[in-house]
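Here's the structure, in structure tokens; my notes come after.
The values are calculated or read from the model by the stated rules, or taken from the named source; none is laboratory data. Computed from a prediction, not measured in an experiment: that's the story for all the values here. Cβ placement follows ideal geometry from the backbone for every residue including glycine, while neighbour counts extend to all protein chains displayed.
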Amino acid sequence: MIVITSFIERLKSCIVLLMLSILLCNCSNEAQIDLSTSYFKIQINNNGFITSMKNTTIKPAQEFSPADKHSPLMCLFDAENNVIYEPTSASFNNTDSIITLSYENQSVANILTEVKEKYFKFTLLSLSSREKIDEIQWGSYQTNITNLFGEVIGVARDTSEATSYAIGVLALNDETTGGWVNTPGDAAPFQYIIHSPDPDKFPLPPDLHEGQLFSIGGDGISDVAFYSHYEDYFRILYGNSASIDSAGRVFITYHSMDRRKERDILFSLIPFLETNKPNHIEVQPLPGVDYIGSSIALWGSPDSTALLDVIENIVLSEGLPHPTINGKWIKDPARYIPDVSTSGGLYDSTFSYTSQLGFKAIHANDLPMYKPDRGNKGYIDGEEFETKPFNFSSGKKSHKEFAEILNTEGIMIGRHTMATSLAQGTKDASPIPNDSLCYQQKRLLMRDISATDSLIEVNDPKYLDEIASWEGHCRNLNMIKIGKEIIHYLGVSDTPPYLLQNVKRAYWGTNATSHVANDTIYKLQVTINYGYDGLIPNIYLQDKIAEYYADVSHINGIHFMDLDGQEFLFNQGQGYYSVKRFFRSMFDKAEKHGIPYMRVTGATLSEGSWHYQSIWNVGGGKNMYDVKARKWGTTTSEGKDLRDVAYSNYFPATFGINFGLNSKSTVADYEHVQAISVGVGATYMLQINQKDVEACPQKYEIFKAIRTWEDARAANAFPRKIKNLLANPLKNWTLESGNSDNNWILHEIIDSKMVNSYNLNRSDGY
């Protein structure tokens, strides 16, 4: 038993709305640490467990800590013995605000505890007897909330009118990432979990239970077939910062790892499927990347104001990434804005269309994906900008020429690229491969070979029979590197001498050379097929690729990056840390170039990209939202699945590339699209084909209608209650401008008549 004699009185300052106190419980003599923000109060007992989490904005305060599950402030993990150590005792030093936790393995942790107005900040300062401690874990922090869980950023949300409260955690440095210890690959697998956000509306059938896991659909390769469950209790997972227990209660977990150590992992990004069975990989040690200094913010607040009141406050106060559009944070729903996606290859009127719509970006989706190639130094059209991929009736233009027209009008060019896939023929892949490529396994060559020898003997066949890639196991990408030569093979003999089988020398245009015994053999980590074929860089080369994208943006005026294949950032086994490091490197270089804002999208979202990524570019058409059926996905469940992930994590949902204008398009259709978009908080890429647009009799009326909605959205003119009405797909609406730029009139349409009109006004500061 630890007796704490210090006592801190409630702070009475009218400026600092918080309390830090240590109380002695007279009935049991158990020491208790009480911490309070302006919205939230927690209690930590003398064993180092959070035993109470209360909403203090109401009286009596509402308890969110389950009676049967308490939450360790911080745990330790011994990977060798697969043991998690929970704290056994806790004490608090009032003088330096340090909570000291002791553990069964004799480790002692010192945690700096800072009580801010709107959150608690915990930072690990030191850990003794840490020799066998590979990771530390914040939590898991158990709640009794059963409504929504934000698995990407770690939040438990009760969005009901009766409760409307959220509890969450944010990592305050790159070394701290979402999820629990001992997660293979340090990234959550892509799969479904069973969870009903409302048991009354969506009761579970008797053969399912909360927390049950299921594979994604299809074969694990087709990203359309991934989304295969329309039922609202099938919840797709994009992280593990938050999850649910067998009673459907949300818990939140973050961790930090000693990445200085070598690790061997067995990982699949998409489990359960034969085409994605796990591969082994030797994870590269990273000197200087450790869990000492790991830091989190723990917060609780009313859900309706959590994003812009508390989370943004944490982001700004702690110096986390805070990209802005016109001075407003990209996470502000008033800054959710659609983009134009081009098709047809003709650009004469694209600028005019975009301006009329009020959109701020043109995604050139009719151009092929470009490959990251440091050999061009960021000059993707050549150093004289001689390549001109944009077609106009008057001639062709380079990216730079088109961007100079658009950027002066506040419109960006967007391009689709392959993230970190190093394709054949690019500087770091071939004909001279970089020595900083990521590898799965490292072996030794057992005897000298000539430039033509196909008998390659290795010292150890272990794991060399695995087909490379964590997605699809691409046989054509099963490669090794010896020196500067890439060699293809399939299989290895299972008896000595251990020989690689089906060997092809000088693969990918590299040069065949002789190699001597004891040369190192690297089994390379690779991407997937289907046009993404490439090698994975190690984390240091990845830093350079990230900087390359900032250079591309600066040189060519491309400030909108669609980073397809973001899952490749997981392929080194460094998980969400790798993602954070990539984006930080890119954004830091962009800042040096003086780029005020980079719009980033991609086919996935993770705890590592949440701060940087503006929108989501996934799918489109009826897979995402079917206007006629008024349903989130009619051909697959993609729309529903991604909507639920986005909404739960305070991120814009998406309709994908959709709603292209044609001869049959009507204003009413786009009024509906805009109503749902504003109501749910979604963006989309409006497909623009110049020939199809010109065939649309109502194009100008449609442009005007969309612009009216977007002007009102940017003015933050839609209160929460109105958004809830707009989110109902069965209702019809029209929006008209008021008597100034600061007000609008919203009309519900029933039987072609305007009813239930609402006056909307520009919010202060918008």
Subject >> Residue that is farthest from residue 471 (Cα to Cα) [pool: residues in region 162-191 that are polar (S, T, N, Q) and outside any strand (DSSP E or B)] >> reply: 163
Original post:
Can you tell me which of 687, 674 is part of a helix (DSSP H, G or I), polar (S, T, N, Q) and under 28 Å from residue 224 (Cα atoms)?
Top reply: 674
**OP:** Could you check, for region 563-572, whether at least one of its residues is small (Gly, Ala, Ser), under 16 Å from residue 418 (Cα atoms), at pLDDT below 95 and not assigned by TED's automatic domain parsing to the domain that holds residue 460?
**Re:** yes
Subject >> Options 668, 712: the member that is small (Gly, Ala, Ser), modelled with pLDDT of 95 or more, in the same structural domain as residue 343 (by TED's automatic domain parsing) and not in a strand (DSSP E or B) >> reply: 668
Original post:
Of all the residues that make up region 34-48, how many are over 21 Å from residue 100 (Cβ atoms) and outside any strand (DSSP E or B)?
Top reply: 3
Subject >> Hits in region 89-118 - residues which are under 22 Å from residue 37 (Cβ atoms), within 34 Å of the chain's Cα centre (by Cα) and part of a loop (DSSP other than H, G, I, E, B) >> reply: 97, 116, 117, 118
Original post:
Quick check, is residue 610 part of a loop (DSSP other than H, G, I, E, B) and closer than 30 Å to residue 262 by Cα?
Top reply: yes
Original post:
Which of the residues that make up region 268-287 are farther than 15 Å from residue 528 by Cα and touching a Lys or Arg at 6+ places or on another chain (Cβ under 7 Å)?
Top reply: 282, 283, 285, 286, 287
Original post:
In region 271-302, what count of residues is obtained for those that are crowded, with 23+ Cβ neighbours inside 10 Å and of a type in the set (A, V, I, L, M)?
Top reply: 4
Original post:
Among the residues of region 494-505, which ones are crowded, with 17+ Cβ neighbours inside 10 Å and of a type outside the set (Phe, Trp, Tyr)?
Top reply: 499, 500, 503, 505
**OP:** Given the conditions (1) part of a loop (DSSP other than H, G, I, E, B); (2) modelled with pLDDT of 95 or more, report the number of the one that residue 546 does not fulfil.
**Re:** (1)
Subject >> Cβ-Cβ under 6 Å pairs, at least 6 apart or on other chains, region 192-216 side assigned to a loop (DSSP other than H, G, I, E, B), far side among the basic types (Lys, Arg) and surrounded by 16 or more Cβ atoms within 10 Å (Cβ to Cβ) >> reply: 195/235
Original post:
In the set 450, 393, which member is exposed (fewer than 15 other Cβ atoms within 10 Å of the Cβ), polar (S, T, N, Q) and without any contact (Cβ under 8 Å) to a residue 60 or more places away in the chain?
Top reply: 393
**OP:** Taking residue 436 as the residue in question, decide whether it is crowded, with 22+ Cβ neighbours inside 10 Å and either at positive phi or touching a helix residue (DSSP H, G or I) at 6+ places or on another chain (Cβ under 7 Å) (or both).
**Re:** no
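Condition check ((1) touching a strand residue (DSSP E or B) at 6+ places or on another chain (Cβ under 6 Å); (2) closer than 18 Å to residue 376 by Cβ) across all residues:
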{"site": "546", "(1), (2)": "no, yes"}
{"site": "580", "(1), (2)": "no, no"}
{"site": "601", "(1), (2)": "yes, no"}
{"site": "605", "(1), (2)": "no, no"}
Original post:
Taking region 720-747 only, how many residues are over 21 Å from residue 632 (Cβ atoms) and touching a strand residue (DSSP E or B) at 6+ places or on another chain (Cβ under 8 Å)?
Top reply: 11
Original post:
Out of all the residues in region 703-710, is one or more of a type in the set (Asp, Glu) and surrounded by fewer than 18 Cβ atoms within 10 Å (Cβ to Cβ)?
Top reply: no
**OP:** Kindly indicate whether any position in region 54-66 is within 30 Å of residue 263 (Cα to Cα), of a type in the set (D, E, K, R), surrounded by fewer than 18 Cβ atoms within 10 Å (Cβ to Cβ) and in contact with a strand residue (DSSP E or B) (Cβ under 9 Å, 6 or more places away or on another chain).
**Re:** no
Subject >> Unmet requirement for residue 195, which otherwise passes all of (1) in the same structural domain as residue 80 (by TED's automatic domain parsing); (2) in contact with a Lys or Arg (Cβ under 9 Å, 6 or more places away or on another chain); (3) not charged (D, E, K, R) >> reply: (1)
Subject >> Filtered residue count, region 165-189, keeping only those that are aromatic (Phe, Trp, Tyr) and either under 16 Å from residue 71 (Cβ atoms) or at pLDDT below 95 (or both) >> reply: 1
Original post:
Within region 352-435, which strands (runs of 3 or more DSSP E) (wholly inside it) include 1 or more residues that are farther than 22 Å from residue 565 by Cβ and not β-branched (Val, Ile, Thr)?
Top reply: 390-392, 395-397
**OP:** Can you confirm whether region 267-275 contains a residue that is more than 19 Å from residue 605 (Cβ to Cβ), in contact with a strand residue (DSSP E or B) (Cβ under 9 Å, 6 or more places away or on another chain), part of a strand (DSSP E or B) and touching a residue at least 12 places away in the same chain (Cβ under 8 Å)?
**Re:** yes
Original post:
In region 466-491, how many are outside any strand (DSSP E or B) and under 18 Å from residue 447 (Cα atoms)?
Top reply: 3
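Each row is one residue, and each column tells you yes or no for (1) surrounded by fewer than 17 Cβ atoms within 10 Å (Cβ to Cβ); (2) under 19 Å from residue 240 (Cβ atoms).
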{"site": "198", "(1), (2)": "yes, no"}
{"site": "207", "(1), (2)": "yes, no"}
{"site": "213", "(1), (2)": "yes, yes"}
{"site": "226", "(1), (2)": "no, yes"}
Original post:
Can residue 374 be described as assigned by TED's automatic domain parsing to the domain that holds residue 613, basic (Lys, Arg) and farther than 24 Å from residue 351 by Cβ?
Top reply: yes
Original post:
When residues of region 492-501 are filtered for being within 12 Å of residue 465 (Cα to Cα) and part of a loop (DSSP other than H, G, I, E, B), how many remain?
Top reply: 4
Original post:
So which residues in region 727-755 are of a type in the set (Gly, Ala, Ser) and outside any strand (DSSP E or B), if there are any at all?
Top reply: 727, 738, 740, 752
Original post:
For region 520-565, how many residues meet the condition of being without any contact (Cβ under 8 Å) to a residue 60 or more places away in the chain, buried (at least 24 other Cβ atoms within 10 Å of the Cβ) and among the polar types (S, T, N, Q)?
Top reply: 1
**OP:** For residues that are among the hydrophobic types (A, V, I, L, M, F, W, C) and closer than 22 Å to residue 552 by Cβ, scanning just region 331-358, find the one that is surrounded by the fewest Cβ atoms within 10 Å (Cβ to Cβ).
**Re:** 351
